[in-house]
1. Name the pairs whose Cβ atoms lie under 8 Å apart, with the first residue in the range 307-336 and in contact (Cβ under 8 Å) with a residue 40 or more places away in the chain and within 30 Å of residue 64 (Cα to Cα), the second in a strand (DSSP E or B) and open to solvent by less than 10 Å² (accessible area, probe 1.4 Å), and 6 or more positions between them or separate chains?
2. Restricting the search to the range 293-305, which residues are within 16 Å of the ligand (Cβ to nearest atom) and without any contact (Cβ under 8 Å) to a residue 12 or more places away in the chain?
3. Taking the condition within 16 Å of the ligand (Cβ to nearest atom) and at pLDDT 95 or above, does residue 238 pass?
4. Consider residue 230 carefully, then state whether it is assigned to a strand (DSSP E or B) and at pLDDT below 90.
5. Counting only residues that are of a type in the set (A, V, I, L, M, F, W, C), buried (at least 20 other Cβ atoms within 10 Å of the Cβ) and either within 16 Å of the ligand (Cβ to nearest atom) or within 24 Å of residue 185 (Cα to Cα) (or both), how many does the range 378-418 have?
6. Please specify each residue of the range 287-306 satisfying the condition of being touching a Cys at 6+ places or on another chain (Cβ under 8 Å) and more than 14 Å from residue 327 (Cα to Cα).
7. Would you check if residue 122 is within 16 Å of the ligand (Cβ to nearest atom) and either open to solvent by 50 Å² or more (accessible area, probe 1.4 Å) or hydroxyl-bearing (Ser, Thr, Tyr) (or both)?
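The values are calculated or read from the model by the stated rules, or taken from the named source; none is laboratory data. What you see is a predicted model, and the numbers here were worked out from it, not measured in a lab. Here the Cβ is made from the backbone with ideal geometry for all residues, glycine too, and neighbour counts use every protein chain on show. Each accessible area value is taken on the protein alone, full model and side chains, heavy atoms only, with ligands, DNA and RNA left out. Shrake-Rupley method; radii C 1.70, N 1.55, O 1.52, S 1.80 Å.
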Amino acid sequence: MTSTQQHPPAGASMRFDDWRLGYESQRREEAYWLDREAIVGTIPAELQGTLFRNGPGLLDVGGTPIHHPFDGDGTICAVTFRDGRAHFQNRFVRTEGFCAEQAGCRILYRGVFGTQKPGGWTSNAFDFRLKNIANTNVIYWGGKLLALWEAGLPHCLEPGTLETFGTDELDGAIADTCAFSAHPRVDPCSQLDGGAPCLVNFCIKPGLSTTIWVYEFTTDCQLLRKHAHSVPGFAFIHDFAITPNYCLFFQNSVSFNPIPFALGLRGAGECVKFQPQKPTRVLVVPRDPARQDVKVLEVEAGFVFHHANACELDEQTLRIDSICYADFPKVEPGSDFRDLDFSALAPGQLWRFTLNLNAGTVDRQLAIARHCEFPCVHPQHVGRPYRYLFLAAADRPTGTAPLQAILKYDWETGETCLWSAAPRGYTGEPVFVPMPDATEEDAGWLLVLTYDASAHRSVVVVLDARDLSVVTDLRLKYHIPFGLHGTWTPECFVST
Ligand code: CO
């Protein structure tokens with residue numbers, strides 16, 4: 001039995017112009033304590049630490065629009081909660097490309113998702129340089145604040161001021177691959193390390209066959225394990241999931257035609273074509289480098305950007321929960337992403353996959369049909385059985401629409417609970433912060449950077465994860481464009 005709780009009531013639809021406003025570039029960079037009037041409700045005294053969050057801050061360069069939000073320069077937000085007060089700051093990652101383009105006031109690099117230099121195809125053909133835009137995620141690990149973008153090195157920032165130090169090879173650990181995915185996972189209790197937490201991440205070296213590198217780091221960012229595995233075929237892999245013994249990757253069936261990219265007609269990411277009639281390969285890679293027995297299973301699946309979580313039910317049975325699309329969403333050359341026709345897009349839906357390693361089979365089951373994205377779980381349950389999943393979701397139960405709600409899903413009862421910011425509010429990724437000393441899996445807060453179109457500003461909403469009631473709203477001075485991923489640290493960083 002599924003019940004849906006909704007506050008405020010459903011039915012209010014979004015205004016298209018509102019949604020577009022959320023994609024306006026934000027050039028302001030400020031650091032300030034929120035004053036009393038900007039805080040609605042009370043910040044819990046036990047909520048202490050910093051939410052770091054990344055996303056594209058510029059949707060144009062010198063007035064020339066970029067083609068896809070994924071091509072926008074990364075801007076880092078830091079929201080610090082300390083003693084019932086809140087501090088906000090945001091700053092661009094000073095990448096080499098950002099500095100050069102801002103100094104020249106024009107686009108100097110092609111973007112992976114279709115942004116081209118001015119001057120038509122002749123000025124873009126055979127320019128294969130990538131601009132590391134550092135815009136996808138940000139983590140605080142081993143005393144370093146790292147802005148992540150999957151096809152390049154992390155950028156290291158000063159956590160108090162968000163000043164950019166430059167790219168970071170993690171003490172040489174990733175000097176050879178020069179890439180580090182934007183979706184590291186923290187194993188809260190690594191079996192291979194006597195129960196100590198560790199950071200697990202990967203990178204992809206694409207080609208006719210694909211090499212997947214897996215890295216694991218101690219809490220002080222020392223390399224524990226590093227190994228590479230080659231799989232046949234091209235792969236576009238944005239995210240993965242971990243269990244105590246395995247890394248799980250979905251190799252969606254895609255083809256890559258590099259010719260339009262080489263000729264300056266399309267971005268490299270626009271040359272990826274999803275082949276829905278072919279199966280997805282599930283790659284099961286042991287985390288122990290002494291084991292080389294990579295298993296490959298096949299399943300019918302949609303295109304996957306994000307996995308929610310995975311776990312081991314027994315030695316031969318693994319489970320993974322993922323958001324799947326029936327097609328790879330794309331913005332055609334010559335069109336504007338702000339004119340996106342949502343009704344033509346497939347929704348993201350949550351599926352549960354059960355893998356039998358002995359039989360080599362995969363079963364799948366649809367769990368949530370409502371359009372959803374950006375899954376998150378309690379950090380102590382990463383890689384382990386869990387009950388509650390939190391996601392950003394559409395306000396309406398059917399069709400594809402912008403994310404305006406937060407959804408809680410209970411795997412045990414199938415019940416859902418929804419908090420909606422519609423009609424004029426927009427959500428993004430929820431970040432779960434456990435309540436200190438609590439034992440229940442949903443005892444915590446969800447931090448969500450939302451956009452309020454009625455005031456054209458962003459609001460940090462703190463929800464009680466047990467019932468999705470609003471604990472407090474932090475009304476920021478200005479808007480931050482719709483963004484991507486973030487992480488929480490219990491350390492408090494402020495610049496003022
Ligand atoms: Co992502």
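1. 327/303; 328/272; 328/303
2. Listed by number, the list is empty, since nothing qualifies.
3. yes
4. On the way: assigned to a strand (DSSP E or B): yes; at pLDDT below 90: no.
Against the criterion (assigned to a strand (DSSP E or B) and at pLDDT below 90), residue 230 does not qualify.
5. The number of residues fulfilling the criteria is 9.
6. Narrowing the range 287-306 to residues touching a Cys at 6+ places or on another chain (Cβ under 8 Å): 287, 301-304.
287 - this is the single residue of the range 287-306 that is touching a Cys at 6+ places or on another chain (Cβ under 8 Å) and more than 14 Å from residue 327 (Cα to Cα).
7. Numbers: within 16 Å of the ligand (Cβ to nearest atom): no; either open to solvent by 50 Å² or more (accessible area, probe 1.4 Å) or hydroxyl-bearing (Ser, Thr, Tyr) (or both): yes.
Considered against the rule, which asks whether it is within 16 Å of the ligand (Cβ to nearest atom) and either open to solvent by 50 Å² or more (accessible area, probe 1.4 Å) or hydroxyl-bearing (Ser, Thr, Tyr) (or both), residue 122 comes out as no.
This table checks each residue for (1) farther than 26 Å from residue 26 by Cβ; (2) touching a residue at least 60 places away in the same chain (Cβ under 8 Å); (3) within 16 Å of the ligand (Cβ to nearest atom).
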residue: 447; (1), (2), (3): no, yes, no
residue: 463; (1), (2), (3): no, no, no
residue: 477; (1), (2), (3): no, yes, no
residue: 483; (1), (2), (3): no, yes, yes
residue: 488; (1), (2), (3): no, yes, no
residue: 496; (1), (2), (3): no, yes, no
